[in-house]
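Okay, structure first, notes after.
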Amino acid sequence: MYQRPRRNRKSSAIRNMVEETHLSVSHLIYPLFITHNKKDKSPIISMPGIYRWGTEEVLQEIESCIELGIENFVLFPVVPEEMKSKRGEYSYDENNFYLKSAQQIKARFPHINLMSDVALDPYSTDGHDGIVENGVILNDETLPILAQMSLAQAQSGFDIIGPSDMMDGRIAAIREILDDNNYTNTSIMAYSAKYASAFYGPFRDALDSAPKSGDKKTYQMNPANKKEAILESILDVEEGADFLMVKPALSYLDVIHVLNESFTVPITAYNVSGEYAMVKAAALNGWLDYDATVAETLLSMRRAGANGILTYHAKDYAIASKN
Ligand code: PBG
């Protein structure tokens, strides 16, 4: 045998030297759920270890994450039913607790990178990402609302706007309103390849935002398709996206790979709620080594080509990598 690949694995020094992919806390974006209460820390049953935070308590939570080296956060609002409507007007209301919370967070921690979520579903009585009329999700009528929501978020200090709605043309609509109002420095991370996935279940529990009727298959992508992810990405880059996201991550590593090969903007992966729940549940049953599984899972997303990873494991990973 002239080639014995095991020679390059014979010591940890050699293994480290030939290591191709690196993962560190700086790659991670930590999602946080915010409620309209000041004091709140309510557990999400289907996501053990993840909480809905009050606007005051979240400041302490962010501070403890910063101490662990986490610098990137994405916020999601848990909107009370009485503030929801068909067109989600509360999403850009000046009294919106989510926008106020972002202002407080950026005032207290100006150096962190804070990302938003843009879609109607947290604010919608229909639980859909766009306006619903006679069972149809209206595309062009939804765009101005998404644009207004994005502007309100930029005005509240969000560094990156994160449209997760999958309406056609939304990146252009958002880029235009931001630029017209001099928010040329506010970035857009497009949920470009967002699939109609069963893995969002626990997130919808957290927000109480599941569709009241029908499913999201007329706007989120068919899990069978890969070329469509390239089409969505071409459009998003043309329309002004600074990052392209693939969501979910684990069952879509091939999509992350092809987008990373095909585009020059950074690719991010969303390691979603259901993926978190699977690993957490197995670990809580003693069936998997949690820290090792998380590290391997996140590394696989990096190896596939993701720069940044949105993951509910971020804090656990940061704690484990300190020890
Ligand atoms: C809503 C949105 C969803 C997620 C992020 N933004 C749910 C959905 O599209 O139904 C899911 C995130 C997760 O599962 O962790 N636009």
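The values are calculated or read from the model by the stated rules, or taken from the named source; none is laboratory data. This is a predicted model, so every value here is computed, not measured. Using ideal geometry, Cβ is built from the backbone for each residue, glycine included, and neighbour counts are taken over all protein chains shown. Areas reflect the complete protein model, heavy atoms only, side chains present, ligands, DNA and RNA absent. Shrake-Rupley method; radii C 1.70, N 1.55, O 1.52, S 1.80 Å.
Given springs between every Cα pair under 10 Å in a Gaussian network model of the chain, which of SER150, SER12, SER64 has the largest fluctuation?
Looking only at SER150, SER12, SER64, the largest GNM fluctuation is found for SER12.
Quick check for region 1-125: number of Lys pairs with alpha-carbon distance under 20 Å, counting only pairs 8 or more apart or on different chains?
7
Assuming R0 = 30 Å, can you tell me the calculated FRET efficiency for the pair ARG15 and SER251, based on Cβ-Cβ distance, to the nearest 0.05?
Computed FRET efficiency for ARG15 and SER251 comes out at 0.60.
Between ASP140 and GLN104, what is the FRET efficiency for a Förster distance of 41 Å, r being their Cβ-Cβ separation, to the nearest 0.05?
It comes to 0.75.
By accessible area of protein heavy atoms, probe 1.4 Å, what ranking do TRP53, TRP287 get, highest first?
Output order, biggest surface exposure first: TRP287, TRP53.
Rounded to the nearest 0.05, what FRET efficiency is calculated for ASP205 and THR125 with R0 set to 22 Å and r the Cβ-Cβ distance?
E(calc), rounded to 0.05, equals 0.80.
Once a ≥ b ≥ c are taken as the square roots of the eigenvalues of the Cα gyration tensor of region 116-155, is the result rounded (a/c under 1.5), prolate (a/b larger than b/c) or oblate (a/b not larger than b/c)?
It is oblate, given that a/c is not under 1.5 and a/b is not larger than b/c.
On the principal axes of its Cα set, how long, how wide and how thick is region 167-323? Give whole Å, largest value first.
That works out to 52, 39, 31 Å along the principal axes.
Let me check against my output: what whole-number percent is the relative contact order of region 239-323, with C-alpha pairs under 8 Å and at least 6 apart?
Relative contact order of region 239-323: 34 percent.
Arrange the residues ARG9, ARG15, ARG303 by how much accessible surface each exposes, largest first, with a 1.4 angstrom probe.
So, going from the largest accessible area down, we get ARG303, ARG9, ARG15.
For the chain, which semi-axes, largest first and in whole Å, follow from the square roots of 5 times the eigenvalues of its Cα gyration tensor?
32, 23, 19
If you average the C-alpha positions of region 155-220 and of region 106-120 separately, how far apart do those two centres end up, in angstrom?
Computed from Cα coordinates, the inter-centre distance equals 15 Å.
Can you tell me, using C-alpha contacts under 8 Å and at least 6 residues apart, the relative contact order of the chain as a whole percent?
Relative contact order of the chain: 18 percent.
Quick one: the Cα spread of region 232-279 along its three principal axes, in angstroms, biggest first?
Extents along the principal axes, in whole Å: 36, 18, 15.
Do any chymotrypsin sites (Phe, Trp or Tyr not before Pro) in region 242-274 lie in a loop, going by DSSP, with at most 15 other beta-carbon atoms within 10 Å of their beta carbon, and if so which?
Qualifying residues, ordered by number: none.
In vacuo Debye scattering of region 1-132, one point per C-alpha: log10 I(q)/I(0) at q = 0.09 Å⁻¹?
Results for region 1-132 at q = 0.09 Å⁻¹ read -0.40.
Using 5 Å bins from zero, what percent of all Cα-Cα pairs in region 181-220 falls into each bin?
Going from the shortest bin to the longest, the percentages are 6, 16, 19, 21, 12, 9, 12, 4.
When only C-alpha pairs under 8 Å and at least 6 residues apart count, what is the relative contact order of region 186-254, in percent?
Relative contact order here is 59 percent.
Filter the trypsin sites (Lys or Arg not before Pro) in region 127-213 down to the DSSP loop ones having no more than 12 other Cβ atoms within 10 Å, then list what survives.
For trypsin sites (Lys or Arg not before Pro) across region 127-213 that sit outside H, G, I, E and B with at most 12 neighbouring Cβ atoms in 10 Å, the list reads LYS212.
Calculate how steeply helix 97-108 sits against the longest principal axis of the alpha-carbon atoms of the chain, using the helix alpha-carbon long axis, and give the answer as 0 to 90 degrees to the nearest 10.
Between helix and principal axis, roughly 50 degrees.
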